[in-house]
Amino acid sequence: MLQQTTIAAVRDYYTAWMKRFPTINSLAQASEQEVLRQWEGLGYYSRARNIHKSAQVLDAAGTELPKDYKELLKLPGIGPYTAAAISSIAFGLPHPVIDGNIKRILCRIFLWPKWNKERETQASACLDKWIKPGPAGDFNEAMMELGQKICTKSSPQCGQCPFNSLCLAHKENRQNEIPEATSSRQIIKKTCLIICVHHNHILMTEKKQGLLKGLWVFPALQGHELSPVLEWLKKHDADFKGPLVLKIQNHLYTKYKDQLLPLVFRLESTISLNEEKGCWIPLDKIGDFPMASVYRKIVGELEKCLEKKNTRFICLP
DNA sequence: AATACGGGGCC
DNA sequence: GGCCCAGTATT
């Protein structure tokens, strides 16, 4: 859960997760849909699918979580950081972790402008030496916390840092320029969401690949033009009223800003989707279906809208 | 070596 | 509105 996610965001999810999946077996037995439902809102959903898969691998083998770094590394979703964190913090083995905090700390100590493969090797050798005297897990947690609390990205508190006497960045008073800032500009996307309503059911599909894989989404078309949407409805023989245009919701992820325009259509009868395999979901069951936060929000907006007696669906000529 | 992959919190 | 976060898998 903590991969690229703040402790504050994780804490409540972790508590609920451990209550629902207290053992490897209980996680292995659960459906992927329920696993994703528990993860909903945390993002990076491949993490949920991977930990589920790992639980199933261990459960099938009848083994516990391995203590060994290289064995941990074989499990899906466990990379160098997580393998080192588990083997050191959970099992006390002398393996240094290298996370974003520690990369920043070492860049400053050695005045490295940026991180690369070469630095990875140098850092491992260095940390191996530093970690030797005491408990590896404590050292690793202390280093990460140093980065989180003292050697912060912006305005680091060098006066309180135990490394300040040997830190080259601090020596040259360049702690604010190290490591180099990276910048990438935002890419705007525009998407129409086709929200078909029939009585108390809405039409959604389970995403089979790419972004939000395994989660439920509305049929969507690129762009904000209405005509392709009407074309789509015609192709699926929809007898509809609408659209009812809901407020645009921005779906922000990594470098993208996807402006989602929800278009609601009232259908006289159900339609079936060709390749995507749509599912008409009763609104009182919608909570069981995992979906991204922005889609959950749009469902909420839709429900508010449908509750109003005077909601009018435009009839297009 | 780059890029895909979420979402919430902070300034 | 832009940036960041106890990274990993894929290209």
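The values are calculated or read from the model by the stated rules, or taken from the named source; none is laboratory data. Keep in mind that what you see is a predicted model, and the values were worked out from it rather than measured. Cβ: placed from backbone, ideal geometry, glycine included. Neighbour counts: every protein chain shown. With ligands, DNA and RNA removed, areas are computed over all heavy atoms of the protein, side chains included. Shrake-Rupley method; radii C 1.70, N 1.55, O 1.52, S 1.80 Å.
Could you list all residues from the stretch A:196-214 that are closer than 19 Å to A:Y256 by Cα and either assigned by TED's automatic domain parsing to the domain that holds A:L36 or open to solvent by less than 50 Å² (accessible area, probe 1.4 Å) (or both)?
Of everything in the stretch A:196-214, just one residue is closer than 19 Å to A:Y256 by Cα and either assigned by TED's automatic domain parsing to the domain that holds A:L36 or open to solvent by less than 50 Å² (accessible area, probe 1.4 Å) (or both), namely A:L212.
What are the residues in the stretch A:1-28 that are within 16 Å of DNA strand B (Cβ to nearest atom) and either basic (K, R) or assigned to a helix (DSSP H, G or I) (or both), if any? Break it down stepwise before answering.
Looking only at the stretch A:1-28, we keep the residues that are within 16 Å of DNA strand B (Cβ to nearest atom), and these are A:1-17.
Scanning the stretch A:1-28 gives A:I7, A:A8, A:A9, A:V10, A:R11, A:D12, A:Y13, A:Y14, A:T15, A:A16, A:W17.
Among the residues of the stretch A:260-278, count how many are of a type outside the set (A, V, I, L, M), at pLDDT 95 or above and within 25 Å of the chain's Cα centre (by Cα).
From the stretch A:260-278, those of a type outside the set (A, V, I, L, M) are A:262, A:265-266, A:268-270, A:272, A:274-278; that's our starting set.
From the residues that got through so far, the ones that are at pLDDT 95 or above too are A:262, A:265-266.
From what is left, the residues that are within 25 Å of the chain's Cα centre (by Cα) are A:262.
So the count comes out to 1.
Only one of these is open to solvent by less than 70 Å² (accessible area, probe 1.4 Å) and over 21 Å from A:L58 (Cβ atoms): A:L75, A:L111. Name it. Even if it seems obvious, please write down each step before you answer.
On the way: A:L75 fails: over 21 Å from A:L58 (Cβ atoms).
Answer to the selection: A:L111.
I'm trying to understand the selection: among the residues of the stretch A:41-55, which are open to solvent by 50 Å² or more (accessible area, probe 1.4 Å) and under 12 Å from A:F21 (Cβ atoms)?
Within the stretch A:41-55, just A:I51 meets the criteria.
Given the options A:L252, A:L233, A:L260, name the one that is aliphatic (A, V, I, L, M), assigned by TED's automatic domain parsing to the domain that holds A:C279 and touching a His at 6+ places or on another chain (Cβ under 8 Å).
Just one listed residue meets the conditions, A:L260.
Show me the helices (runs of 4 or more DSSP H) entirely contained within the stretch A:65-182 in which 1 or more residues are within 12 Å of DNA strand C (Cβ to nearest atom), at pLDDT 95 or above and under 27 Å from A:L27 (Cα atoms).
A:69-73, A:80-85, A:136-149
Checking the condition within 16 Å of DNA strand B (Cβ to nearest atom) and of a type in the set (G, A, S), which residue from A:S155, A:S165, A:S88 passes? If you could, list the steps in order and put the result at the bottom.
Working: A:S165 fails: within 16 Å of DNA strand B (Cβ to nearest atom); A:S88 fails: within 16 Å of DNA strand B (Cβ to nearest atom).
Within the list A:S155, A:S165, A:S88, the selection yields A:S155.
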